[in-house]
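Let me begin by presenting the structure, written as structure tokens, before commenting on it.
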2 protein chains.
Amino acid sequence: MITPPVGSPSSLGFAAHPSPYNFPNVQYPQIESDSRVTFRFRAPDAKKVQVSIVNVPFDMIEGDNGVWTYTSAPQAPGYHNYWMIVDGAIVLDPGPQAFIGYGHMCNCFEVPEPGVDWYELKDVPHGNVMIKNYFAKTTNSWRKVYLYTPPGYEANPKTRYPVLYLQHGGGEDQRVWIEMGRTNLILDNMIAEGKAKPFIVVMETSAVGPPASPGRSSEVPSGAGLTPGASRGPGMLGIGGPGGGAYGQFMIKELIPWVDATFRTIADREHRAMAGLSMGGMQTAAVTMANLDKFTYIGLFSGGAAIPRRAPSQTTPHEPAPLDLKTIYNGQMANPAEFNKRVKVLFFSCGSEEYPDALKKHQEQLIAAGITNSYLYISPGTAHEWQMWRRSLYSFASLLFK
Amino acid sequence: MITPPVGSPSSLGFAAHPSPYNFPNVQYPQIESDSRVTFRFRAPDAKKVQVSIVNVPFDMIEGDNGVWTYTSAPQAPGYHNYWMIVDGAIVLDPGPQAFIGYGHMCNCFEVPEPGVDWYELKDVPHGNVMIKNYFAKTTNSWRKVYLYTPPGYEANPKTRYPVLYLQHGGGEDQRVWIEMGRTNLILDNMIAEGKAKPFIVVMETSAVGPPASPGRSSEVPSGAGLTPGASRGPGMLGIGGPGGGAYGQFMIKELIPWVDATFRTIADREHRAMAGLSMGGMQTAAVTMANLDKFTYIGLFSGGAAIPRRAPSQTTPHEPAPLDLKTIYNGQMANPAEFNKRVKVLFFSCGSEEYPDALKKHQEQLIAAGITNSYLYISPGTAHEWQMWRRSLYSFASLLFK
């Protein structure tokens, strides 16, 4: 496994600058030279203004001309969501770009990581990001999928490629692995350096069928579901069930056959991987462990490891219990030798600020139980956030289809 | 010219429903059965809340539990921008999707047009929307371009296609002709019905080089540029200049050669078109009329016609002055017979609520002056808005490459 270079504190050193996701004439959020972030927001008649950074609200201070200001503690490198709270209303600043997170639109900022460029746009051959509409017969609905095809896909019309199915987290959709995750740039760079094989990435939304509860109700005012307590962690949705649950069945019956019919894939289990972040990691575990005739590579980023939790809403799992190979992972490890033959990579990761001790213990237990193909990556200095998932994709991609 | 079907008032009849751009659990904006739009917004501690619909603010009324409500007058079919003003702060509701408009992020809603489905997702062969990064040597910068390739592009690897360069309006970027304009759906549907030839569409951002004025200033608080008086109309930017201005030179030296080298285009003037909306129409006129060795088809939607204006900031032009063929359109019409040979389609359009009389007069003048290939489309019941530009694309596309 190749793990991604990480910027060290001593390499820090950049000038204060507007977040790169701001529109051209928008100065704030401003990333300070010590990775603090300054927010400014004009609300001349408001009594109270807060900025909620990764779902934690901070009071802003009113200055001249109704302009409110707040400078945060230093932030970890990478992409972070935020929003504004103006006199109790959860709102967005129209100045920076907005992307999906927590089931609604969010503002965002990006903190640089000096000396590290594996997720930046570089002068290497670039693959394509493609947006495709397709009709799903099994759900009788139109769906939109994002795909990445590697450099050379068009120039080599006889070459066929392996496929990674890559899942978003709770409250997100098929856009995030491109918009925040930079999957295309990471893989372009890795392929150019020979650190990853070229493969296709399929990014779909795991919601199938009608909208999830609480459903569309005329009593729900716009914005009313956007409570600061909303969680993006695991446990948000019922996941799993026979055949890997509703999404697993959708993948097996609809998505995988459509991808194999539409793109030049190598359509067998040896050339098919699935990975996901947070809730998407839980789905990946549920789908793959119910369908090992379809998948050989499994990536569980910040979710999906067989570690008990205190409560469904809780991201941080308990200390692992003794392994029961007959029941965990849908019983697929009951015969470790058989599992080792079928699954070439079972990849776990979390941030150093998530549950590294529990995940390390789980990894030791798997090895002690005779599981030989389990890999572990702990992302230094990160919590449940995009920089951790970018790094996890990098580490996982280095193991695929080799 | 084939013009698009338009819903008639007698065909109106749909149930009240959430705007299709809302997230699944978000009820408002709600489109009422008579095309009024109801907004609800929770702002428990605010003193005043307004909703700004297409840049016109309306007072909302406070009800129970801090929920504010407003129901608009009937809205024209199609896509409309809006935002919220909470105690003087211009903000977005996080519940609906947000897209670029007016140089910042905007909320949006879409009003249906019963009986009309030429811009809906239908069961026809679909082309691809592609997002590509490329390095522009002439500006020494990375750029992002959106492209549409028609159905069959991948299945027929020896076929080459004509190209339409399609420009956004002021305060917009390369995303809008897909996200609001539905270019891919419109062309998929037209190609399936034999109403348009298959062609490639290239959508790039017309800003080249450093950000436009007022530039990044540490004195500009986030959101401060977002005055309700900001205009998206023509006259926002200096357009034109030698060779079609900075963007014209960028297209000629960088974009067109890159597109022709990267995609299977027919790389000659007979198979190259350019069109744009509003400011993009003005740019189209400037670029094409300075480079008629490169373009044969020209589309000017709500902008770019040689009709004088009262002031640069004004969308609605004056009554046309007598034509001076020696000076208008960069003097290209000085010899009408020569112009008729070179330009197969010169297409003008505007909404019935824009400046139809002036544009009709201009068209009569062109015909009287011996210009034989000028086309005019007036979109019924629409102002300076997306439904007009969708209809213009439809009408223009029906004339291309035939």
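A compact table of results
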quantity	calculated
Odd one out for B:GLY233, checked against (1) closer than 17 Å to B:GLU172 by Cα; (2) modelled with pLDDT of 95 or more	(2)
Strands (runs of 3 or more DSSP E) enclosed by the range A:74-117 - at least 3 residues per element that are at pLDDT 95 or above	A:78-86, A:104-111
Output for the range A:41-74, where each listed residue is within 9 Å of another protein chain (Cβ to nearest Cβ) and open to solvent by 70 Å² or more (accessible area, probe 1.4 Å)	A:ARG42, A:ASP45, A:LYS47, A:LYS48, A:ASN65
Unique residue being modelled with pLDDT under 90 and either touching a Cys at 6+ places or on another chain (Cβ under 8 Å) or not in a loop (DSSP other than H, G, I, E, B) (or both) when the list is A:GLY243, A:GLY225, A:GLY248	A:GLY243
The range A:91-120, subset open to solvent by 10 Å² or more (accessible area, probe 1.4 Å) and touching a Lys or Arg at 6+ places or on another chain (Cβ under 9 Å), residue nearest to A:PRO24 (Cα to Cα)	A:PHE99
Test result for A:LYS326, part of a loop (DSSP other than H, G, I, E, B), assigned by TED's automatic domain parsing to the domain that holds A:TRP386, of a type in the set (Lys, Arg) and at pLDDT below 95	yes
Residues located in the range B:1-37, provided they are in contact with a Pro (Cβ under 8 Å, 6 or more places away or on another chain), β-branched (Val, Ile, Thr) and surrounded by fewer than 20 Cβ atoms within 10 Å (Cβ to Cβ)	B:VAL6
Selection count, the range A:153-172, where residues are modelled with pLDDT of 95 or more and surrounded by fewer than 19 Cβ atoms within 10 Å (Cβ to Cβ)	2
Exclusive hit being under 25 Å from A:PHE99 (Cα atoms), open to solvent by less than 10 Å² (accessible area, probe 1.4 Å) and within 13 Å of chain A (Cβ to nearest Cβ), set B:MET180, B:MET130	B:MET130
Test: residue in the range A:294-306 that is closer than 22 Å to A:SER398 by Cβ, touching a strand residue (DSSP E or B) at 6+ places or on another chain (Cβ under 8 Å) and of a type in the set (D, E, K, R)	no
Matching residues in the range A:149-193 - criterion: being over 22 Å from A:ALA267 (Cβ atoms) and assigned to a loop (DSSP other than H, G, I, E, B)	A:HIS168, A:GLY169, A:GLY170, A:GLY171, A:GLU172, A:ASP173, A:ARG175, A:MET180, A:GLY181, A:ARG182, A:GLU193
Matching entry among A:ASN330, A:ASN335, A:ASN373, A:ASN340 (being in contact with a helix residue (DSSP H, G or I) (Cβ under 8 Å, 6 or more places away or on another chain) and more than 29 Å from A:GLY171 (Cα to Cα))	A:ASN373
Matching residues in the range A:281-310 - criterion: being of a type in the set (A, V, I, L, M), open to solvent by 10 Å² or more (accessible area, probe 1.4 Å) and farther than 18 Å from A:GLY169 by Cβ	A:ALA290, A:ALA306
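The values are calculated or read from the model by the stated rules, or taken from the named source; none is laboratory data. Because the structure is a prediction, the values reported are computed rather than measured. Neighbour counts run over all protein chains shown; Cβ positions are idealised from the backbone, glycine included. Calculation scope for accessible area: heavy atoms of the full protein, side chains included, ligands and nucleic acids excluded. Shrake-Rupley method; radii C 1.70, N 1.55, O 1.52, S 1.80 Å.
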